[in-house]
Amino acid sequence: MKNIILILLVIFCLSSCKQKQNENGVFSLEYIRNNHELILVFENKTAQDIIFPVPNTLEFGDKNFKNFSTQGGMEGSFPIAVYSIIEPNQYSKFYQKKLDSIRNFNLSEKGMADLINEIMPGDGDSVFYLKKKEKLKIKYNLIIKQSPPLHKYSSKFKQNYYPYDKILKGDYPEGEYLRRFSKLNFGNAQFVAQPIIKDSLILNISDKDANK
């Protein structure tokens, strides 16, 4: 009986230590809302500097619809459209220049060079450099829009973080330039596509919050 208890204690200790190591060695994301501003707090608990992309637009899905986003071409089809656009000039200038160059070259390869001049602030991705054992705050402007005819409406909106892991591994047009960027030599830093999200961001929003 004593041997069984001892074995169980050893297993418990090993499991606890492994869990603690996993928690201490991750790249994570948590959200902070401040009125019409969202702050994404990235924390690098690993022992290595990290280079990572973030979407220039954060998409929100309405719980009453199956769509990934309420923003874009079908924006007027939803009672309320919710999304966030990154505030300018927060990125790593050195690596952002490399990513933009790869993206523009990729568009030119496809015969779509005309699109380069049509890229809007909310399009594409921004690149950041985060040192080991440090945190980084990235700010976004929260946009809540209701198109005419206006009427009373409220719902829960969940932030659907861009699935970089899926895009990089799959056959997606926008994934090609990200794949090329991810394979660059970053020296002592490591490219990481996706953070571990601590808690999903869910906002309770009504028509009273819109168009402000």
**Request:** Please work out which one of (1) at pLDDT below 95; (2) touching a Ser or Thr at 6+ places or on another chain (Cβ under 8 Å) is the condition Ile5 fails and give its number.
**Result:** (2)
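May I ask you to say which residue of Phe27, Phe94 is surrounded by fewer than 13 Cβ atoms within 10 Å (Cβ to Cβ), over 30 Å from Lys152 (Cβ atoms) and modelled with pLDDT of 90 or more? Talk me through it step by step, then tell me what you get.
Details: Phe27 fails: surrounded by fewer than 13 Cβ atoms within 10 Å (Cβ to Cβ).
Phe94 is the lone residue from the list that is surrounded by fewer than 13 Cβ atoms within 10 Å (Cβ to Cβ), over 30 Å from Lys152 (Cβ atoms) and modelled with pLDDT of 90 or more.
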**Message:** Need pairs with beta-carbon distance below 9 Å; first residue on the phi > 0 side of the Ramachandran plot and in a helix (DSSP H, G or I) and within segment 75-98, second surrounded by fewer than 12 Cβ atoms within 10 Å (Cβ to Cβ) and of a type in the set (Ser, Thr, Tyr); sequence gap 6+ or separate chains.
**Reply:** none
**Request:** For residues that are surrounded by fewer than 21 Cβ atoms within 10 Å (Cβ to Cβ) and of a type in the set (Ser, Thr, Tyr), scanning just segment 58-91, find the one that is farthest from Ile167 (Cα to Cα).
**Result:** Ser77
**Message:** Just the residues that are under 16 Å from Glu59 (Cα atoms), in a loop (DSSP other than H, G, I, E, B) and touching a strand residue (DSSP E or B) at 6+ places or on another chain (Cβ under 7 Å), please, taken from segment 156-194.
**Reply:** Tyr161, Tyr162
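Has segment 132-149 got at least one residue that is farther than 19 Å from Val26 by Cβ and either without any contact (Cβ under 8 Å) to a residue 60 or more places away in the chain or in a helix (DSSP H, G or I) (or both)? Even if it seems obvious, please write down each step before you answer.
Initial filter on segment 132-149 (farther than 19 Å from Val26 by Cβ): 139-149.
Subsequent filtering for residues that are either without any contact (Cβ under 8 Å) to a residue 60 or more places away in the chain or in a helix (DSSP H, G or I) (or both) retains 148-149.
Taking every residue of segment 132-149 in turn, at least one turns out to be farther than 19 Å from Val26 by Cβ and either without any contact (Cβ under 8 Å) to a residue 60 or more places away in the chain or in a helix (DSSP H, G or I) (or both).
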**Message:** With the requirement that a residue be within 18 Å of the chain's Cα centre (by Cα), under 24 Å from Tyr31 (Cα atoms) and among the aliphatic types (A, V, I, L, M), what does segment 74-110 give you?
**Reply:** Val82, Ile85, Ile86
**Message:** Restricting to segment 195-207, and then to whatever is part of a strand (DSSP E or B) and under 16 Å from the mean Cα position of the chain (by Cα), can you tell me which residue is nearest to Leu178 (Cα to Cα)?
**Reply:** Ile196
**Fill in**
Lys156 vs (1) modelled with pLDDT under 95; (2) of a type in the set (Lys, Arg); (3) surrounded by fewer than 15 Cβ atoms within 10 Å (Cβ to Cβ); (4) in contact with an Asp or Glu (Cβ under 9 Å, 6 or more places away or on another chain): all pass except (1)
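The values are calculated or read from the model by the stated rules, or taken from the named source; none is laboratory data. Small disclaimer: the values here were computed from a predicted structure and weren't measured. Heads up, the Cβs are rebuilt from the backbone with ideal geometry, glycines too, and the neighbour counts pull from every protein chain shown.
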